[in-house]
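Structure, as structure tokens:
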Ligand SMILES: *Cc1c(COP(=O)(O)O)cnc(C)c1O
């Protein structure tokens, strides 16, 4: 039996989108491929409020995170860390031999613009990494406010992991001046894993030319050169591209503003439920629009609850991540999930826990 996913990645994929994966194979140097690429391109740009090229990576999000830091740091990178994925971006940066420092906060505390300003004022950095929506903690860091601060430091590039936020929350890439914003498609895009996308600024490509190449597969200038021909340098995950195109068509059919509003509404419902029966893990005012990290104040056996939900109701939610496993659990309200489905999920959790 299929277990309906309410996990913050991968998320539930609609059967009609899964069918797109079986579209007969085309050749990636054929004109029909370039048409497919161009159609996806225009829609991704609209979704991200940008005129920047949006590159396609045949990899999960981690590949695009690696691409950002291997191509776009000339001097030194500041990694803002307040959760598992921002910590991982620091590991990716240092692991590739890129000079960097981590600015670390407790996992339940949001990154504030003043903190970023203070770090950038040292003049040590020419790039900063930020995880917009920390999937490990259900924290939405204040991206617009942080972007305002970063823009006051003209040599510093803003690199954003928006993996579990993009396509669920609005990201005004050009207005905020984001140089690199990435996401894998298995979160709020509600597609199977295997592709990542990233909008990349013109000045980022210029810097990538100047930085000694640290990566071949994720070389931004190779990708940009192909991009101009509506192609990719190597053979991409073409079936996923059909699914992405269909999903983007559906998103614009719903209306992207409506899609964001639906996510806001689901977030409000789950947050109210979590406050009523438990508590919410991250600092108030920074709760995610796409998932809620519930603080296990009733000390329920989280693993047992998750197993029971799967067995009795065929629904899967997520345990807490890493150090906060068992102390928290996570409910995703992203992608194509509808309000009645979220309400139904909350109801079965209540029944299971006798709330
Ligand atoms: C899921 C996730 C990642 C890692 O994604 P992969 O697609 O598994 O590489 C990175 N950052 C955030 C915020 C995520 O939610």
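The values are calculated or read from the model by the stated rules, or taken from the named source; none is laboratory data. Computed from a predicted structure; not experimentally measured. Positions of Cβ are backbone-derived with ideal geometry, glycine not excepted, and every protein chain shown enters the neighbour counts.
Write out, first by first residue and then by second, each pair whose Cβ atoms fall under 8 Å of each other, whose residues are 6+ apart or on separate chains, and whose first residue, in the stretch 324-352, is free of Cβ contacts under 8 Å to residues at least 40 places away in the same chain and in the same structural domain as residue 306 (by TED's automatic domain parsing) while the second is assigned to a helix (DSSP H, G or I) and loosely packed, with under 13 Cβ neighbours inside 10 Å.
Between residues of the stretch 324-352 that are free of Cβ contacts under 8 Å to residues at least 40 places away in the same chain and in the same structural domain as residue 306 (by TED's automatic domain parsing) and residues that are assigned to a helix (DSSP H, G or I) and loosely packed, with under 13 Cβ neighbours inside 10 Å, the close pairs are 326/303; 348/312.
Just a yes or no: is a residue in the stretch 89-112 within 15 Å of the ligand (Cβ to nearest atom), surrounded by fewer than 19 Cβ atoms within 10 Å (Cβ to Cβ) and free of Cβ contacts under 8 Å to residues at least 60 places away in the same chain?
Scanning the stretch 89-112, I find at least one residue that is within 15 Å of the ligand (Cβ to nearest atom), surrounded by fewer than 19 Cβ atoms within 10 Å (Cβ to Cβ) and free of Cβ contacts under 8 Å to residues at least 60 places away in the same chain, so the answer is yes.
Mind counting the residues in the stretch 134-157 that are outside any helix (DSSP H, G or I) and surrounded by 24 or more Cβ atoms within 10 Å (Cβ to Cβ)? Reasoning before the result, please.
To start, the set of residues in the stretch 134-157 that are outside any helix (DSSP H, G or I) comprises 134-142, 152-157.
Now restrict to residues that are surrounded by 24 or more Cβ atoms within 10 Å (Cβ to Cβ): 134-139, 141, 157.
Looking only at that region, the number is 8.
Go through the residues of the stretch 201-218 one by one and say whether even a single one is under 18 Å from residue 146 (Cα atoms), crowded, with 20+ Cβ neighbours inside 10 Å, away from the ligand (no atom under 11 Å from the Cβ) and in contact (Cβ under 8 Å) with a residue 40 or more places away in the chain.
Of the residues in the stretch 201-218, the ones under 18 Å from residue 146 (Cα atoms) are 201.
Those still in the list that are crowded, with 20+ Cβ neighbours inside 10 Å too: 201.
Now narrow it down to the ones that are away from the ligand (no atom under 11 Å from the Cβ): 201.
From what is left, the residues that are in contact (Cβ under 8 Å) with a residue 40 or more places away in the chain are 201.
For the stretch 201-218, residues under 18 Å from residue 146 (Cα atoms), crowded, with 20+ Cβ neighbours inside 10 Å, away from the ligand (no atom under 11 Å from the Cβ) and in contact (Cβ under 8 Å) with a residue 40 or more places away in the chain: present.
What is the one condition in (1) exposed (fewer than 14 other Cβ atoms within 10 Å of the Cβ); (2) part of a helix (DSSP H, G or I) that residue 299 does not satisfy?
Just one mismatch for residue 299, condition (2).
Can residue 262 be described as in a helix (DSSP H, G or I) and surrounded by 15 or more Cβ atoms within 10 Å (Cβ to Cβ)?
Here the answer is yes, as residue 262 does meet what is asked.
Step by step: first the residues of the stretch 55-72, then only those that are farther than 14 Å from residue 211 by Cα and buried (at least 22 other Cβ atoms within 10 Å of the Cβ), then the one that is nearest to the ligand (Cβ to nearest atom). Which residue is that?
Of everything passing the filter in the stretch 55-72, 61 is nearest to the ligand (Cβ to nearest atom).
Residue 75 passes all but one of (1) in contact with a strand residue (DSSP E or B) (Cβ under 7 Å, 6 or more places away or on another chain); (2) part of a loop (DSSP other than H, G, I, E, B); (3) surrounded by fewer than 22 Cβ atoms within 10 Å (Cβ to Cβ); which number fails?
(1)
Restricting the search to the stretch 173-208, which residues are touching a helix residue (DSSP H, G or I) at 6+ places or on another chain (Cβ under 6 Å) and in a helix (DSSP H, G or I)?
Correct list: 176, 205, 208.
In the stretch 313-336, is there at least one residue being assigned to a helix (DSSP H, G or I) and more than 21 Å from residue 134 (Cβ to Cβ)? Please lay out each step first, then the result.
If we filter the stretch 313-336 for residues that are assigned to a helix (DSSP H, G or I), which is where we start, we get 313, 322-324.
Narrowing further to those that are more than 21 Å from residue 134 (Cβ to Cβ): 313.
Taking every residue of the stretch 313-336 in turn, at least one turns out to be assigned to a helix (DSSP H, G or I) and more than 21 Å from residue 134 (Cβ to Cβ).
Report the residue count in the stretch 93-112 for those that are touching a strand residue (DSSP E or B) at 6+ places or on another chain (Cβ under 9 Å) and more than 17 Å from residue 147 (Cβ to Cβ). Before the answer, list the steps.
Taking the stretch 93-112 and keeping what is touching a strand residue (DSSP E or B) at 6+ places or on another chain (Cβ under 9 Å), we get 93-94, 98-105, 107-111.
Then keep just the ones that are more than 17 Å from residue 147 (Cβ to Cβ); that gives 93-94, 98-102, 104-105, 107-109.
Counting residues in the stretch 93-112 that are touching a strand residue (DSSP E or B) at 6+ places or on another chain (Cβ under 9 Å) and more than 17 Å from residue 147 (Cβ to Cβ) gives 12.
Here are the criteria: (1) in contact (Cβ under 8 Å) with a residue 24 or more places away in the chain; (2) under 30 Å from residue 171 (Cβ atoms); (3) surrounded by fewer than 19 Cβ atoms within 10 Å (Cβ to Cβ). Tell me which single one residue 313 does not satisfy.
Just one mismatch for residue 313, condition (2).
Working only within the stretch 69-82, note down all residues that are out of contact with any helix residue (DSSP H, G or I) (no Cβ under 8 Å at 6 or more places or on another chain) and more than 18 Å from residue 134 (Cα to Cα). Working first, answer last.
At the first step, the residues of the stretch 69-82 found to be out of contact with any helix residue (DSSP H, G or I) (no Cβ under 8 Å at 6 or more places or on another chain) are 70, 75-76, 82.
Passing the criteria: 70, 75, 76.
For the stretch 118-150: of the residues being farther than 29 Å from residue 195 by Cβ and out of contact with any strand residue (DSSP E or B) (no Cβ under 8 Å at 6 or more places or on another chain), which is farthest from the ligand (Cβ to nearest atom)?
123
Just to be sure before I move on: is residue 292 outside any helix (DSSP H, G or I) and closer than 30 Å to residue 216 by Cα in the structure I sent? Steps first, answer last, please.
Values: outside any helix (DSSP H, G or I): yes; closer than 30 Å to residue 216 by Cα: no.
So residue 292 fails the test.
Could you check how many residues of the stretch 19-54 are under 16 Å from residue 190 (Cβ atoms) and surrounded by 14 or more Cβ atoms within 10 Å (Cβ to Cβ)?
Here is the first cut: in the stretch 19-54, the ones under 16 Å from residue 190 (Cβ atoms) are 19-21, 40, 43-44, 47.
Okay, now just the ones that are also surrounded by 14 or more Cβ atoms within 10 Å (Cβ to Cβ), so 20-21, 40, 43-44, 47.
Residues that pass the stated criteria total 6.
Among (1) touching a helix residue (DSSP H, G or I) at 6+ places or on another chain (Cβ under 8 Å); (2) not in a helix (DSSP H, G or I), where does residue 59 come up short?
Condition not satisfied by residue 59: (1).
Looking at 267, 272, can you tell me which residue is out of contact with any helix residue (DSSP H, G or I) (no Cβ under 9 Å at 6 or more places or on another chain) and surrounded by 17 or more Cβ atoms within 10 Å (Cβ to Cβ)?
Numbers: 272 fails: surrounded by 17 or more Cβ atoms within 10 Å (Cβ to Cβ).
Result of the check over 267, 272: 267.
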